[in-house]
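Structure, as C-alpha cells:
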Amino acid sequence: PDIASTYNNMGLVHWYKGEYDLALMNYEKALKIQLKVLPPDHPSLAGTYRNIGLLHEATRTWESALQYYNKAAAISRKSLPTTHPQLVTTENDIRRVKAQIK
C-alpha cells in the first residue's frame with residue numbers, strides 16, 4: 001500500500017501540473033497495486049477512483065469521470081459513514097458531472 005500511495009501522490013503532482021497522461025499512468029499503477037492487496041471496499045480504492053474521476057473531469061471526458069466517481073461512491077457507501085467528507089465530496093462530484101452531461 002505504501003508504493004500505491006506513492007504512485008497516487010505522484011499522480012496528484014502531475015495532475016496539478018496539467019500533465020494528465022502522466023497522472024493517469026500513476027493512478028493506474030496505484031490502482032493495480034491496491035486491487036491486489038486491499039479488500040474491495042477499502043477507502044483507499046475509493047480515493048484512487050475519485051482521483052481518476054477528477055482527471056477525467058479536468059479533461060472534460062464526462063462519462064468516464066462519472067464512471068469513476070460512481071465506483072468511488074459505491075465503495076465509500078460500504079466503508080464510510082454517510083456524513084464522511086470523502087463520501088460527501090464524491091457525491092457532489094457526481095452531481096456536478098451529471099449537470100455537465102445534461
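Remarks
- Note on the chain: enclosed helices (runs of 4 or more DSSP H) holding 1 or more residues that are surrounded by 13 or more Cβ atoms within 10 Å (Cβ to Cβ) and aromatic (F, W, Y) are 2-16, 20-37, 43-58, 62-79.
- The set of residues from region 35-55 being of a type outside the set (D, E, K, R) and in contact with a Lys or Arg (Cβ under 6 Å, 6 or more places away or on another chain) comprises just one member, Y49.
No value in this document is a laboratory result; all are computed from the given coordinates. The shown structure was predicted, so the numbers you read here are calculated from the model rather than taken from an experiment. Here Cβ is always computed from backbone atoms with ideal geometry, including for glycine, and neighbour counts include all displayed protein chains.
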